[in-house]
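S.K.: Handing you this structure, nothing more for now.
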């Protein structure tokens, strides 16, 4: 079977994606170590966890701003625009493909092209991650870095605790996304083709 | 109609989500409603004579030879803040309960300064009325502390606890921040004051901020924990640790507080733990009413949910990958 190649990932996206992935990985590992450390068990030192987590978090904020600017000034931002009409049907069609169709060797309902970088499910998860989870985890992270700016107690709630809980919850969502995202990347022309495309910029697809 | 159902669902969801805080708040409010007992002062009249001079910055006295009124500054060491005194633990004491009765005469005899002053145990020792405060045990712990072993001659209870102003704190205050600020001010009264420090030691007073540079988020730590959390040996038998350790033995491992079993529960939050306020689902909930310690406060429900969700994701991926491997 011959393969088509589409240049889908320009240099800035590949670099952004690489930094984003490494920083998220660093933040997840150090975050878990900070939250679940104990005198009996710790993956590595708490102080180093805090330092690395802070540095990665601040850098992620900068990298996120690059992402926003990139999406604003290039056509990459268009891939995140959702056509509301019929979206739920398209989303269910994609879910149906991943759940059943893929095992029946059906063709992907929304194949990747220069006009459509993401299928409806990717669109949904990427928007939920990049326009909801990541900004919220960044904001709560900064608030945790400067807890003095927070009101200590409001309407009976411990605001610092709520901020931290939100931070941990979004951290968990991002961690889950990362695992599933990596797995779905193995669904390509070959198991490694999607990973390779994030290195050379060329997306491979079946004819 | 649909929007009403949606808003109601969101409200119900958040009510359930935040219910642990509401429980915690209810428990707290029951303690805050205590009304203080009204004080009946019986010695204000006697003390007022002493406070004519010892409550003011400037004192006046008459020169017997020429009848002139002379003004002098009252030394800070001999000046008493009457507001703090009458709000302190010894609020109904006569000055001469502790100080020699000859101080009733002015000008005071210079030799009076050499008379022995009573110590805490002289009044509080062996008295069943004070048994709950465990003064004897505190004294034993203090004797073991670096303050006593290194500076026995100069150091006494009064070095930290000014009997004129001291007010019991950890046992009564609902606001932990007030206890922290009050207790830390006791340490800083020497460790951040060169003059007072040199009454006890000829060494140069170390700079607290420089010495604690290693501490991440230093300002936040200083505001949220007491010096003794790290610098005193914890003791199960007394509420506030008095065995101050040499600096080499100070707590420097973050995980001693930032972990499932934080030492803070045996020190700063000991009284709250004894009161056993529970915020449902949270580990070390006693800390939650006042603050939040990373690593020490974990939500049990959230932990279970994340483990189940993670297991489901891994299982789902494994099944999907297996089925994919089977198709040709």
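Just so you know, all these numbers are worked out from the coordinates, no wet-lab data involved. Just so we're clear, the structure is a prediction, and the values are computed from it rather than from any experiment. In this analysis, Cβ positions are derived from the backbone assuming ideal geometry, glycine residues included, and neighbour counts consider all displayed protein chains.
S.K.: Mind computing the radius of gyration and Dmax over the alpha-carbon atoms of the protein assembly as shown? Å is fine for both.
M.R.: 33.1, 122
S.K.: Follow-up question, since we're still on this one. What is the Å³ per residue value for the convex hull set by the Cα atoms of region B:130-184?
M.R.: In region B:130-184, the Cα convex hull volume per residue is 101 Å³.
S.K.: Angle between the Cα long axis of helix A:87-99 and the longest principal axis of chain A, 0 to 90 degrees, nearest 10?
M.R.: 80 degrees
S.K.: Please report, in cubic angstrom per residue, the volume enclosed by the convex hull of the alpha-carbon atoms of region A:7-89.
M.R.: Taking the convex hull of the Cα positions in region A:7-89, it is 144 Å³ per residue.
S.K.: Sticking with this structure for a sec: Would you mind computing Rg(Cα) / (2.2 N^0.38 Å) for region A:101-207, counting N as its residues?
M.R.: The reported ratio for this selection is 1.48.
S.K.: Just to be sure I understand the model, the point goes 7 Å from the Cα along the line to the Cβ. What's the resulting residue B:248 to residue A:130 distance in nm?
M.R.: Modelled inter-label distance: 5.7 nm.
S.K.: Rounded, prolate or oblate for region B:104-163? Axes are the square roots of the Cα gyration tensor eigenvalues, ordered a ≥ b ≥ c, and the cut-off for rounded is a/c under 1.5.
M.R.: Cα axes put region B:104-163 in the oblate bin.
S.K.: When B:51, B:78 are ordered from fewest to most other Cβ atoms inside 10 Å of their Cβ, what list results?
M.R.: In order of increasing Cβ crowding within 10 Å: B:78, B:51.
S.K.: To continue, here is another question. For region B:59-162, what's the radius of gyration and Dmax over Cα atoms, in angstrom?
M.R.: 18.0, 57
S.K.: Let me ask something additional. Which order results if B:323, B:302 are arranged by neighbouring Cβ count within 10 Å, fewest first?
M.R.: The fewest-first ordering by Cβ neighbours comes to B:323, B:302.
S.K.: Please identify, among A:183, A:126, A:64, the residue showing maximal mean-square fluctuation in a Gaussian network model of chain A using a 10 angstrom Cα cutoff.
M.R.: So, out of A:183, A:126, A:64, the one fluctuating most is A:183.
S.K.: Here is a further query. Hey, fewest Cβ within 10 Å first, where do B:82, A:99 land in order?
M.R.: A:99, B:82
S.K.: Could you order peptides A:46-57, B:188-199, B:58-69, B:155-166 by the average number of other Cβ atoms within 10 Å of their residues, highest first?
M.R.: In descending order of packing, they fall as A:46-57, B:155-166, B:188-199, B:58-69.
S.K.: Then there is this: Note down, for region B:54-96, the three equivalent ellipsoid semi-axes (square root of 5 times each alpha carbon gyration tensor eigenvalue), biggest first, whole angstrom.
M.R.: Working from the Cα gyration tensor, I get semi-axes of 28, 11, 7 Å.
S.K.: Over its Cα atoms, what ratio of radius of gyration to 2.2 N^0.38 Å does region A:44-83 give?
M.R.: Taking the Cα Rg and dividing by 2.2 N^0.38 Å, one obtains 1.74.
S.K.: Taking N as the number of residues in region A:42-142, what is its alpha-carbon radius of gyration divided by 2.2 N^0.38 Å?
M.R.: 1.43
S.K.: Based on DSSP H runs of at least 4 residues, each adding -39500 (n - 2.57), what is the mean residue ellipticity at 222 nm of the protein assembly as shown after dividing by all its residues, to the nearest 500 deg cm²/dmol?
M.R.: After summing the helix terms and dividing by the residues of the protein assembly as shown, the value is -15500 deg cm²/dmol.
S.K.: Still on this structure, I have one more. Computed on alpha carbon atoms, what radius of gyration and Dmax characterise chain A, expressed in Å?
M.R.: Rg then Dmax for chain A, in Å: 19.5, 64.
S.K.: Additional query: Could you check which residue among A:89, A:40, A:164 shows the biggest mean-square fluctuation in a GNM of chain A with a 10 Å Cα cutoff?
M.R.: The residue with the greatest mean-square fluctuation here is A:40.
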